[in-house]
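Structure first, then comments.
The values are calculated or read from the model by the stated rules, or taken from the named source; none is laboratory data. On a predicted model such as this, the values are computed, not experimentally measured, just so you know. Don't worry about glycine lacking a Cβ; one is built from the backbone with ideal geometry, like all the others, and counts go over all protein chains shown.
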Amino acid sequence: MITSTKRSAPSGQQSEMNNTVGHLTDLQRPVYHFLPPANWLNDPNGLIYWHGVYHLFYQYNPDAPIHHNMHWGHASSIDLVHWTHLPIALAPTDGGPDAGGCWSGCAVDDDGVPTLIYSGNPASSSPGFQVPCLATGDENLLTWTKYANNPLMASPPANLDLLEFRDHCVWKEDGIWYQLIGAGIRDVGGACLLFRSRDLRHWEYMHPLAVGNKDRVIPLWTGTVWECPDFFPLDDQHVLIISAWYQRTTHYPVYMIGAYAAHHFFPKDEGLVDYGSSFYAPQSMVDDQGRRIMFGWLREGWSLDSQRAAGWSGVMSLPRVLSIALNGDLMMVPAPELERLRRDGQQRANIEVHPTTRKVLEDIRGAQLEIVVEWQIHDATVVGLKVRCSPDRTEETVIAYDVQEQRLFVDRTHASLSQEVTGGVQHGRLVLADGEHLKLHIFLDASVIEVFANDRACLSERVYPTRSDSLGIDLFTQGGAATVTHLNTWEMASIWAPCE
Ligand code: DQQ
């Protein structure tokens with residue numbers, strides 16, 4: 001047996017206090033989104049609700065804020081809001097099939113034995129050719145032992161010409177284990193390959209569960225490779241989420257909803273999980289309430305030099321609870337447990353907004369806020385908010401709805417005075433039914449913005465205002481009037497325990 005853990009307490013991870021102390025002057029560091037004390041985080045991995053505790057593993061480089069030498073970081077939570085850092089779960093083993101990194105994967109309960117299936121990267125110099133590996137944990141999920149006969153497969157199925165082969169989703173059905181591995185089939189498109197096993201260790205290839213088309217751009221282009229498959233029943237449907245990838249330039253998660261029968265999937269609808277440029281590689285778990293809870297990696301939107309200077313990179317999204325609406329839409333709402341973080345709530349109602357009157361919310365300011373704003377749109381063509389505004393409005397981020405285009409959008413053109421950040425406008429379709437109000441549920445947390453619109457459209461972005469006084473909020477309309485029927489705001493508390 002090979003023990004996985006090279007170091008029991010990763011640098012900077014000894015105490016939850018480290019999440020605030022030392023970072024007090026870091027304007028960009030979130031305080032109520034999960035991230036490790038320092039260095040690099042990317043995909044959520046191995047999400048599992050185990051004996052009353054939520055476990056979050058994640059792609060982690062303990063040595064630098066860059067994607068390299070991937071380990072599995074680990075944290076747990078009783079309430080889905082406050083997290084405790086735990087020792088690294090998986091580290092590369094010199095000479096092993098994961099010597100170049102322990103890449104993404106999942107966790108399952110194998111008849112009481114916590115078991116991780118992940119992608120071993122044999123050499124960091126040859127990304128693209130990973131091998132499935134397995135590790136088992138103790139009952140508290142604190143120490144992990146790699147399977148002596150890793151890898152579980154020496155190579156991908158022989159009859160497929162693959163561009164990539166990695167990332168795992170494993171479930172049990174009628175006593176048999178099934179596994180999806182993300183892939184890209186050369187000259188075809190992204191794919192999820194389906195395997196089966198009796199013991200999690202010996203796998204037989206069946207067929208692709210789903211295959212994309214690299215040349216099909218409507219309604220959605222899904223790239224050439226599908227990373228991080230996540231497949232699960234939801235209400236009376238099945239959902240497949242994949243992260244569409246193309247040559248390191250394209251990254252976005254796509255959902256497909258449909259029927260699953262006889263080990264084939266028949267998608268009927270598809271869409272973007274998040275319209276922003278930040279949310280990627282999501283994974284989900286089911287908890288004791290039967291809720292399907294998803295986290296995603298919020299990628300940075302500033303330069304590598306800025307990330308190195310900050311000493312950290314990558315943030316986990318807030319937990320999103322998934323369901324399917326009667327009309328078949330994928331619904332996503334922030335986990336209600338997050339309400340525990342609310343402080344100093346303010347409520348307003350019936351604010352008339354016109355293009356000529358800028359509504360500055362004088363007494364609502366902040367970098368850590370939750371905002372719920374509901375709009376009744378009269379003849380306005382655009383309605384929305386400007387957040388993280390500097391007093392002179394040289395910095396501001398627009399979160400708004402274009403009524404004519406039926407688009408939710410976030411405009412970061414003036415979000416930051418820095419030249420080291422990405423900007424531009426991200427948008428996605430949101431069709432309001434006749435008489436339906438626009439309901440924006442917004443979370444601001446330093447450089448993170450997450451927007452939930454009418455429980456069925458999400459848009460996450462990263463913004464990096466340079467000024468410590470870029471805290472203001474305006475309500476605005478264009479082209480006509482609208483009424484803010486309700487405006488509720490809260491300061492949001494840190495998820496990290498204060499020093500004692
Ligand atoms: N990140 C992992 C891969 C996965 C990608 C490596 C998605 O396993 O395909 O850190 O962000």
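Odds and ends about this structure:
- Considered as a group, the residues in the range 185-194 that are surrounded by 21 or more Cβ atoms within 10 Å (Cβ to Cβ) and touching a Lys or Arg at 6+ places or on another chain (Cβ under 8 Å) include one that is farthest from residue 228 (Cα to Cα), and that residue is 189.
- Counting only residues that are more than 17 Å from residue 255 (Cβ to Cβ), in a loop (DSSP other than H, G, I, E, B) and either touching a residue at least 40 places away in the same chain (Cβ under 8 Å) or not basic (Lys, Arg) (or both), the range 175-212 holds 8 of them.
- Screening the range 381-392 for residues that are assigned to a loop (DSSP other than H, G, I, E, B) and in contact (Cβ under 8 Å) with a residue 12 or more places away in the chain and picking the one that is nearest to residue 461 (Cα to Cα) gives 390.
- Selection status of residue 441, buried (at least 17 other Cβ atoms within 10 Å of the Cβ) and either farther than 22 Å from residue 486 by Cβ or modelled with pLDDT under 95 (or both): no
- The listed residue being acidic (Asp, Glu), surrounded by 13 or more Cβ atoms within 10 Å (Cβ to Cβ) and out of contact with any helix residue (DSSP H, G or I) (no Cβ under 8 Å at 6 or more places or on another chain), out of 370, 362, 374: 374
- Residue 223 in contact (Cβ under 8 Å) with a residue 12 or more places away in the chain, assigned to a loop (DSSP other than H, G, I, E, B), within 16 Å of the ligand (Cβ to nearest atom) and crowded, with 19+ Cβ neighbours inside 10 Å: yes
Matching residues to (1) modelled with pLDDT under 95; (2) more than 18 Å from residue 171 (Cα to Cα):
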residue: 36; (1), (2): no, yes
residue: 40; (1), (2): no, yes
residue: 45; (1), (2): no, no
residue: 74; (1), (2): no, yes
residue: 104; (1), (2): no, no
residue: 119; (1), (2): no, no
residue: 125; (1), (2): yes, yes
residue: 129; (1), (2): yes, yes
residue: 140; (1), (2): no, yes
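- Selection within the range 226-236 - modelled with pLDDT under 95 and either within 16 Å of the ligand (Cβ to nearest atom) or part of a strand (DSSP E or B) (or both): none
- Search result, residues across the range 238-263 that are in contact (Cβ under 8 Å) with a residue 12 or more places away in the chain and within 13 Å of the ligand (Cβ to nearest atom): 241, 242, 243, 244, 245, 246, 250, 251, 252, 253
- Members of the range 63-88 found to be within 16 Å of the ligand (Cβ to nearest atom) and either under 19 Å from the mean Cα position of the chain (by Cα) or charged (D, E, K, R) (or both), listed by number: 63, 65, 66, 67, 70, 71, 72, 73, 74
- Extreme residue, nearest to residue 474 (Cα to Cα), among residues of the range 343-380 that are in a loop (DSSP other than H, G, I, E, B) and of a type in the set (Lys, Arg): 358
- From the options 370, 374, residue that is under 28 Å from the mean Cα position of the chain (by Cα), under 16 Å from residue 438 (Cβ atoms) and of a type outside the set (Gly, Ala, Ser): 374
- Filtered residue count, the range 103-135, keeping only those that are among the hydroxyl-bearing types (Ser, Thr, Tyr), more than 27 Å from residue 31 (Cβ to Cβ) and either within 14 Å of the ligand (Cβ to nearest atom) or in contact with a Phe, Trp or Tyr (Cβ under 8 Å, 6 or more places away or on another chain) (or both): 4
- Verdict on residue 206 being more than 30 Å from residue 466 (Cβ to Cβ), away from the ligand (no atom under 16 Å from the Cβ) and in contact with a His (Cβ under 7 Å, 6 or more places away or on another chain): yes
- The range 447-500, residues that are of a type in the set (Val, Ile, Thr) and farther than 28 Å from residue 280 by Cα: 477, 483, 484, 485
- Residue within the range 436-450 that is more than 25 Å from the chain's Cα centre (by Cα) and without any contact (Cβ under 8 Å) to a residue 12 or more places away in the chain present: no
- The range 103-138: number of residues that are touching a residue at least 40 places away in the same chain (Cβ under 8 Å) and either over 19 Å from residue 154 (Cβ atoms) or touching a Gly at 6+ places or on another chain (Cβ under 8 Å) (or both): 18
- Among the candidates 100, 96, residue that is more than 15 Å from the ligand (Cβ to nearest atom) and assigned to a loop (DSSP other than H, G, I, E, B): 96
- Identity of the residue in the range 451-488, under 28 Å from the mean Cα position of the chain (by Cα) and small (Gly, Ala, Ser), that ends up farthest from residue 270 (Cα to Cα): 468
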